[in-house]
Amino acid sequence: HIDSCIILVASSKNLIARNTITLNDTNGVKITQTGNGNAIRENSIHSNNSLGIDLGADDITLNDPNDADTGPNNFQNHPLLITATLTNVLAIRVSFGSLANTEFIIEYFSNSECDTLGYGEVQSFIGADTIMTDANGDAFFTSPFSTMLSGNEYITATATDTAGNTSEFCPCIQIETVITPPDAPDLVAPADAATNVPLNETFAWTQSSGADRYHIQLSTAMNFSNIVYEDSSLAGTTQTTAQSLESSTTYYWRVRAHNILGWGNYSVAFSFEVGASPIAPSLTNPVDQASDLPTTVTFTWAPIQGATAYHLQLSTDVNFSSLTVNDSTLADSTREVPSLTEGSKYYWRVRVENAFGWGPYSETRTFEVMKATSVEQSTNIPNVFVLRQNYPNPFNPSTSISYELPKAENVRILIYDLAGRQVRELVNEHKQAGIYTALWDGRNQRGLLVASGLYIYQIHAGEFSQILKMTLLK
């Protein structure tokens, strides 16, 4: 066949038994989508160009802990053969992990070779054994068979649960072949003694034959006495650990591999140095201790080469304990801030981020916004109620919401999620006529940060009501 011999698409409770399935362009048997309970028993499936049995049409399906995944035949885990020794009988030592306290039929097959992926070709059916997993879903056992095999054959196996879900064929082993712990992988990137490594560096290493997972360790000590990051559950040969790295710091890293017999040796350790974070920028406008500035101020500072973002903080407190603006998403070295409070004194500072992290804050500058005269006050009283679009939008982590009142009213500003649930009551007080700005820090009524997404904010001022949308990005 130009594809698989037997293809089951979302088909369940089929029995494929005692057939010869051979010489197909891809798989012998392929089960796709959600079909379950398809028992594949005592067949001869060999000399195909890909797997004998393929669950999910994605080539090899790796075992998973506790076998809790779902899909074609529930992606049933296959057994793992440890040794196959031939004396008067063929003794096959097996490790198997799946659902806890469950009965399975383990079927064994032989062939003169493995397939091109190192998994089982099944020319001859050897026999079957019924086993029960323990409370952890594990089973370790030996299946003995009287057989006429020569001792040069390869052995593979499948597992079938009581619902008829048959696994793919497991990796094959040759008779009298013993599985050993995996070799240490070779480290690839970052190279040993690399410098100027970015915070978002992706670590990579070579694959160890037979490994089912990997363990990476990062340390600031050559003897790994100070582990700053580790993960022993990695299925692939790459990992990004930006959250644990600091600029201008030397690190050491190593990796080891695991198979059914346990952990192998660690690789040779490599070192690398994370590059330096940027210097503090020079502030340009407004000048320090400027006075009589308008209520809309454009802040500028000297650009820094290699910068990926700028972070502007503006506060009425010299210690920046409360923030009027806290914007760390700026791509350019300028930011306009409207609706500042007349007669108030402000403090501002900026820092820069590059590939190696955030640098220190600049010097702190201060300025004062001019006080309005009585004529300016009457001129600035709005003619109509207005709710302005928040700024910035999208925002992270905070945004300003401006509104205008032509007369004194009780004002409420409420924030909702898209499901209509109230997230925050931002304003609830009596206000005189004028122009106001409310700052939302991206937290709910309980003070917890909310998730990224689209939010709705609504003003009620007497009989006036208006709704606008805003987007929080993280």
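The values are calculated or read from the model by the stated rules, or taken from the named source; none is laboratory data. No experiment lies behind these values; they were computed from the predicted model shown. Note that we place each Cβ from the backbone using ideal geometry, even for glycine, and neighbour counts take in every protein chain shown. Heads up: the accessible areas ignore ligands, DNA and RNA and are worked out on the full protein's heavy atoms, side chains in. Shrake-Rupley method; radii C 1.70, N 1.55, O 1.52, S 1.80 Å.
Observations on the model:
- Value in Å of the Kirkwood radius, where segment 1-131 supplies the Cα pairs that are averaged: 15.4
- Accessible area (Å², per residue) of segment 341-474, counting only protein heavy atoms and a probe of 1.4 Å: 53
- Rounded to whole numbers, the Karplus 3J(HN,Hα) couplings from phi for segment 10-27 are 6, 10, 10, 6, 9, 10, 10, 9, 6, 10, 10, 10, 8, 6, 9, 5, 10, 8 Hz, using 6.51 cos²θ - 1.76 cosθ + 1.60 with θ = phi - 60°, and x at Gly and Pro.
- Solvent-accessible heavy-atom area per residue, rounded to whole Å², over segment 49-117 at 1.4 Å: 41
- Solvent-accessible area, 1.4 Å probe, carbon plus sulfur percent, for segment 221-277: 42
- With the gyration tensor restricted to C-alpha atoms of segment 77-224, the semi-axes of the equivalent ellipsoid amount to 37, 19, 14 Å, longest first.
- Plainly put, the chain has a radius of gyration that is 1.18 times its Kirkwood radius, both from alpha-carbon atoms, as the Rg/Rh ratio.
- With protein chains left intact and a 1.4 Å probe, residues in segment 135-183 average 46 Å² of accessible area per residue.
- GluC sites (Glu not before Pro) restricted to DSSP loop in segment 320-353 with at most 13 other C-beta within 10 Å: none
- Cys residues of the chain counted as unpaired, since no other Cys beta-carbon is under 4.7 Å: CYS5, CYS170
- Label point at ASN196 placed 7 Å out along Cα→Cβ; residues across segment 290-315 whose backbone nitrogen lies under 19 Å: 304-309
- A dipole drawn for the chain from +1 and -1 charges on Cβ atoms has a positive end, and of SER282, PRO65, GLY343 the residue lying farthest that way is GLY343.
- On a per residue basis, the convex hull of the C-alpha atoms belonging to segment 409-474 measures out at 91 Å³.
- Computed P(r) (all Cα pairs; segment 170-325; 10 Å bins; percent): 9, 28, 20, 15, 13, 8, 4, 2, 0
- Treating r as the C-beta distance of ASN223 and GLN389 and R0 as 51 Å, the FRET efficiency rounds to 0.35.
- The per residue volume of the convex hull around the alpha-carbon atoms of segment 313-466 is 137 Å³.
- In segment 115-176, the inverse of the mean reciprocal separation of distinct Cα atoms equals 13.5 Å; this is its Kirkwood hydrodynamic radius.
- The spread of Cα positions in segment 276-326, taken along each principal axis and listed from longest to shortest, comes to 37, 23, 16 Å.
- Ellipsoid semi-axes in whole angstrom, largest first, where each is sqrt(5λ) of the Cα gyration tensor of segment 236-323: 48, 15, 11
- As a fraction of the 1.4 Å probe accessible area of segment 374-474, surface on carbon and sulfur atoms comes out at 50 percent.
- A Förster radius of 60 Å, combined with the Cβ-Cβ distance separating ALA10 from THR206, puts the computed FRET efficiency at roughly 0.95.
- Annotation: amide H-H contacts under 5 Å for THR147 (H modelled 1.01 Å from N, sequence separation of 5 or more, or interchain): LEU90.
- Rg over Rh [alpha-carbon atoms, Kirkwood Rh] for segment 375-427: 1.06
- Separation in nanometres of the label points that stand 7 Å from Cα toward Cβ, at ALA419 and SER452: 2.0
- As a calculated quantity, the FRET efficiency between PHE125 and ASP69 at R0 = 35 Å, using C-beta atoms, amounts to about 0.80.
- Solution diffusion estimate, µm²/s, Stokes-Einstein, segment 71-133, Kirkwood Rh from C-alpha pairs, 20 °C, viscosity 1.002 mPa s: 160
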